[in-house]
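Following: one structure in structure tokens, then a few remarks.
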Amino acid sequence: MPQPRAVVVGAGIGGLTAAVALRRRGWRVTVLERARVLEPVGAGIAVAPNAQRALDVLGLGDAVRAQAAFSGSGGLRTPRGRWISRTTGEAAAARFGGPVVLTRRAELVDLLLGALPEGTVRTGTTVTHVEPGDAGGAPARVTSERGTLEAELVVAADGVHSPTRAALFPDHPGPGYAGLTAWRFVADGPATGYEPHETWGRGTLWGTTPLAGGRVYCYATAVVPPGGRAPDDELAELRRRFGDWHAPVPQLLDATAPDAVLRDDVHDMPTPLPAFHRGRVALLGDAAHPMTPNLGQGGCQAVEDAVVLAHLATAEGELAAYTGRRLPRTTLVARRSRRVAALTTWRSRPAVAARALMFAATGLLGPAAALRALDGIADWRPPGADQRTG
């Protein structure tokens, strides 16, 4: 039997994980990336226990766990600093089999690239057309300015505004603005120390989470019209919105350069796709199910997709099992994340006060109560988890 061929469109975390997973399953893999240099989009990423177990199948889970920096307590606060609810790393480990690991996206990308042979990723290559082929019949074809590649499998990992998705499902409404804009940056940790937290204001949110090496990943969201940009710079915009919040928020802003702040509108897709495949093409990650960041599961679900796809894909191109396994799960995760995002958009004083009382009541039940949003998500285990290929 000739070695089956796979072409992955997009070299983000989902696409690279798919490349590693497929190669471990005996596929000959080529990754096409339109950017000329692989510079990960976004500052940090939460790798929850479900994604860690998916990476275990590839022999990479322990390398991610080694980057864990959070072992104490943290929780939810008000802008003035009052704690509403708390949780601990120990509670997460007891509930889900391990803590959530915060790491820099660049670190995870480097880890995945290190598991691929040199030359697997072709940068500066824009895909212009994908022919899906037929399961059990004609191969798929991927056309770029460098020519056309045939493959038994094409993985569309080309992001939230996926051209491949739009071409394969032209009647689907696609993603839309979720009502939130997000800012992200990495800074040096404050000398005074801090406890990890998310702080919810009136239509605003701030998060401070530790990274390895004493660094801090900061993220913020606000309810603003889409497509906006600060009149000066995004750091100045964060100062206007969050500069008078509790410590260490002002100190972190003071320690950050303006060009370190990323700003992006948040998109999700309330109407799920009818399938995650067409012909020999499988969609994964944001191309298949863009979601709000409020559960920290966007990247995690892409990693799950990749490992499940590699487990189920065959040279004959049968992908219905992949859709059957991933569409219901990611729809549930995206819906749950959307509900949390909606809570962060409340702006009236009575609604915000009622929200704080609701979370405070939940906090009385103990640290594990704050983790309930991830029940059925972070405890997921991949197929073949007991057969690591590392």
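Which residue out of Arg347, Arg355 is touching a residue at least 60 places away in the same chain (Cβ under 8 Å) and in a loop (DSSP other than H, G, I, E, B)? Working first, answer last.
Numbers: Arg355 fails: in a loop (DSSP other than H, G, I, E, B).
Only one candidate passes the filter, namely Arg347.
Are any of the residues in the stretch 113-127 open to solvent by 40 Å² or more (accessible area, probe 1.4 Å) and closer than 23 Å to Gln52 by Cβ? Outline the logic, then answer.
Taking the stretch 113-127 first, the residues open to solvent by 40 Å² or more (accessible area, probe 1.4 Å) are 113-114, 117-119, 122-123, 126.
Remaining after also requiring closer than 23 Å to Gln52 by Cβ: 113-114.
Yes, some residue in the stretch 113-127 is open to solvent by 40 Å² or more (accessible area, probe 1.4 Å) and closer than 23 Å to Gln52 by Cβ.
Just give me the residues in the stretch 218-233 being farther than 17 Å from Gly203 by Cα and either among the charged types (D, E, K, R) or over 19 Å from the mean Cα position of the chain (by Cα) (or both), in sequence order.
Within the stretch 218-233, the first condition is being farther than 17 Å from Gly203 by Cα, and the residues that meet it are 218, 227, 229-233.
Correct list: Gly227, Arg229, Ala230, Pro231, Asp232, Asp233.
Is it the case that some residue within the stretch 340-352 is within 21 Å of Ile45 (Cα to Cα), among the hydrophobic types (A, V, I, L, M, F, W, C), crowded, with 18+ Cβ neighbours inside 10 Å and touching a Gly at 6+ places or on another chain (Cβ under 8 Å)?
yes
Can you tell me which residue within the stretch 65-94, out of those that are farther than 20 Å from Thr199 by Cα, under 21 Å from the mean Cα position of the chain (by Cα) and not aliphatic (A, V, I, L, M), is modelled with the lowest pLDDT?
This residue is Gln67.
Please count how many residues of the stretch 267-289 are more than 30 Å from Trp183 (Cα to Cα) and part of a loop (DSSP other than H, G, I, E, B).
Within the stretch 267-289, the subset more than 30 Å from Trp183 (Cα to Cα) is 274-275, 277-282.
Next, only the ones that are part of a loop (DSSP other than H, G, I, E, B) stay: 274-275, 279-280.
Of the residues in that region, 4 qualify.
Looking at (1) at pLDDT below 90; (2) crowded, with 19+ Cβ neighbours inside 10 Å, which is the one condition that is false for Thr17?
(1)
Looking at the stretch 179-216, which of its residues are modelled with pLDDT of 95 or more, open to solvent by 10 Å² or more (accessible area, probe 1.4 Å) and among the aromatic types (Phe, Trp, Tyr)?
Matches in the stretch 179-216: Trp200 only.
Can you say whether Ala91 is open to solvent by 40 Å² or more (accessible area, probe 1.4 Å) and in contact with a helix residue (DSSP H, G or I) (Cβ under 7 Å, 6 or more places away or on another chain), as far as the supplied structure shows? Step through it out loud before you land on a result.
Numbers: open to solvent by 40 Å² or more (accessible area, probe 1.4 Å): no; in contact with a helix residue (DSSP H, G or I) (Cβ under 7 Å, 6 or more places away or on another chain): yes.
Spelling it out, it is not the case that Ala91 is open to solvent by 40 Å² or more (accessible area, probe 1.4 Å) and in contact with a helix residue (DSSP H, G or I) (Cβ under 7 Å, 6 or more places away or on another chain).
What pairs come out if I take residues in the stretch 159-173 that are over 11 Å from Leu273 (Cα atoms) and open to solvent by less than 60 Å² (accessible area, probe 1.4 Å) and pair them with residues that are assigned to a loop (DSSP other than H, G, I, E, B) and of a type in the set (Asp, Glu) whose C-beta lies under 8 Å away, six or more apart or interchain?
Thr164/Asp158
Looking only at residues in the stretch 181-214 that are of a type in the set (A, V, I, L, M), part of a strand (DSSP E or B) and out of contact with any helix residue (DSSP H, G or I) (no Cβ under 6 Å at 6 or more places or on another chain), which one is nearest to Gly227 (Cα to Cα)?
Of all residues in the stretch 181-214, those of a type in the set (A, V, I, L, M) come to 182, 186-187, 191, 205, 211-212.
Within this subset, residues satisfying the condition of being part of a strand (DSSP E or B) are 182, 186-187, 205.
So of that shortlist, the ones also out of contact with any helix residue (DSSP H, G or I) (no Cβ under 6 Å at 6 or more places or on another chain) come out as 182, 186.
Values: Ala182: 12, Val186: 23 Å.
Checked the stretch 181-214; the qualifying residue nearest to Gly227 (Cα to Cα) is Ala182.
The values are calculated or read from the model by the stated rules, or taken from the named source; none is laboratory data. Treat the numbers as computed from the prediction; the structure is a model and nothing was measured. Please note: Cβ atoms are built from the backbone with ideal geometry, for glycine as well, and neighbour counts cover all protein chains shown. We work out accessible area using only protein heavy atoms, side chains counted, and drop any ligands, DNA or RNA first. Shrake-Rupley method; radii C 1.70, N 1.55, O 1.52, S 1.80 Å.
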